[in-house]
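Each remark here refers to the structure printed beneath this line.
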Amino acid sequence: MSSLSLLPVFMIGLLGSVHCIGMCGGIVGAFSLAPAPVRAFPVAVRNEIAGSANAANSVLARTLSYNLGRIGSYATAGALAGGLAGGVRLLPGMIVWQTGAYVLAHLMLVALGLYLMDAWRGLTRLEAIGQILWKRIRPLTGLLLPLDSSLKLVLAGSLWGWLPCGMVYSVLLTAMLSGSAASGAAVMLAFGLGTLPVLLAAGVFGAQLRSVLQRRGVRVASGMIVLLFGVFGLLRATHGLTPDWLAALCVSPVHSVGAP
């Protein structure tokens, strides 16, 4: 998978962040706040003066740590999906399956666009299926409390990365089409990095930014662009459209679908 084909995946992550804010904004805010230590009064006064200058750096570091774990989980899931699909791609009938999966991947992007716009919420059914795995993972997060170190934050983020999310599942299908574990990891890494700017800003700036990004106009505009990514991919697959500009807007190159 070329670096160019990862650009739309990154953009989907960036635009889909409006959904991440609504779903995970509270989690990011909680992880960004350092546990309050108990101090004697004179020490507290002195530390308050010194701490005010470093507060922004502390929040940024904690938010980065959490997101590092989250994106690591996405890359792991992508490697598993890409490796699994790549390992069976030589079986009889796999080319037909891959072609259907390519079309399904872009239909998922159309569904994701509608989901972001609150026009159709069919992806919530996938999230319900993901709850089966999440119920087993979630209790592990309590073992990391309090989140008073970077390592704990990274581990907590890696667990929360498996939180059921229709947006993640839609891109994970694209990772399956990548053909190998390394390419699948690259797809999900690009997607995770796309979500990073908004979630990082949400952790630093808090609820005020989250309220802006959750406005209907922002969600509709973001959802419409993601929907167009899916439509362009479907046009390329079903009508044989191959101009370079269209290839740059498709999350999966058509030639990889039939590749041995």
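The values are calculated or read from the model by the stated rules, or taken from the named source; none is laboratory data. Please read these numbers as outputs of a predicted model, since none were measured by experiment. Cβ atoms come from the backbone with ideal geometry, glycine included; neighbour counts cover every protein chain shown. Keep in mind that these areas ignore ligands, DNA and RNA; they rest on the heavy atoms of the full protein, side chains included. Shrake-Rupley method; radii C 1.70, N 1.55, O 1.52, S 1.80 Å.
A few points about this structure:
- Modelled spin labels at LEU7 and THR99, positioned 7 Å past Cα toward Cβ, are 2.9 nm from each other.
- Using a probe of 1.4 angstrom and keeping all protein chains present, the accessible surface of region 106-230 works out to 46 square angstrom per residue.
- Region 141-158 - phi-based ³J(HN,Hα) in whole Hz, Karplus 6.51/-1.76/1.60, Gly and Pro as x: 5, x, 6, 8, 6, x, 7, 10, 8, 4, 4, 4, 5, 4, 5, 5, x, 5
- Using a simple spin-label model with pseudo-atoms 7 Å out from Cα toward Cβ, GLN208 and ARG125 lie 4.2 nm apart.
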